[in-house]
Amino acid sequence: MKAERQHKECTSRVLQPSKGGGGHIVDNRSQDHAGIIGSIQEKRNIIQRMLEQTLITDFFPVLTQSENTFEASLTGGNVISHVEFEEFEDGEYWLVDAETQPEYQRRGLARQLVENAVNYYEIVFASLATQQEHEDYDDNDTRYLTEEGAALVNSCINHGINIVYRNPFDNEITSESDD
């Protein structure tokens, strides 16, 4: 009787007695309801896995600036990312160093720091010249980009951040982001 009532009401599952004792679960929901509930449970499981993979309880970085260095630090003060700029001729600020601890990479921290620098300086530059060109011109010049540095600059440009690629030994601007 209870099973019939639940079936008519399209409610939940019930335990029906078996011949040898015990019982088994009978799902009295319609196929539509069962499918919807299964879909909701699957989505809940996916979200839970995503949260478990990405949730880091101490990851609330504090962004600061000191002179020409922009940093992201954890609450305890550990620096996890920094970008550094150096002023060269005519008040141009060039990216000279960028680093993010490996476990915090690919989260946009360095890009956010470059964006803060652009907001502060209005425009920043990144070198197109190779390391050898920099060494030939001035062995103390650190404006050349590593592969990771070039990837950071490209990411900034792709996100509309006003950073300009230029060869520091030429006076022409060869590429810049669109506003």
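For segment 105-164, which trypsin sites (Lys or Arg not before Pro) are both in a DSSP coil and crowded by at most 11 other Cβ atoms within 10 Å? Display every interim value, and only then the final one.
Details: sites: ARG106, ARG107, ARG111, ARG143; in loops: ARG106, ARG107, ARG143.
For trypsin sites (Lys or Arg not before Pro) across segment 105-164 that sit outside H, G, I, E and B with at most 11 neighbouring Cβ atoms in 10 Å, the list reads ARG106.
Annotation: amide H of ILE163 within the under-5 Å range of SER177, sequence separation 5 or more or interchain, hydrogens built in the peptide plane. Just to check I understand the Karplus step: with θ = phi - 60° and J = 6.51 cos²θ - 1.76 cosθ + 1.60, what whole-Hz values come out for segment 126-136, glycine and proline as x? Values, residue by residue: 10, 7, 8, 6, 6, 4, 5, 4, 5, 5, 5 Hz.
Working note: Debye formula, equal point scatterers on the alpha-carbon atoms of segment 74-120, no solvent; log10 I(q)/I(0) at q = 0.16, 0.19 Å⁻¹ is -0.49, -0.65.
Largest accessible area first, the listed residues THR142, THR75 line up as THR75, THR142 when surface is computed with a 1.4 Å probe on the assembled protein chains.
The values are calculated or read from the model by the stated rules, or taken from the named source; none is laboratory data. Being a predicted model, the structure only gives us computed values, none of them experimental. Ideal geometry is used to build each Cβ from the backbone, glycine not excepted, and the neighbour counts take in all protein chains shown. Areas reflect the complete protein model, heavy atoms only, side chains present, ligands, DNA and RNA absent. Shrake-Rupley method; radii C 1.70, N 1.55, O 1.52, S 1.80 Å.
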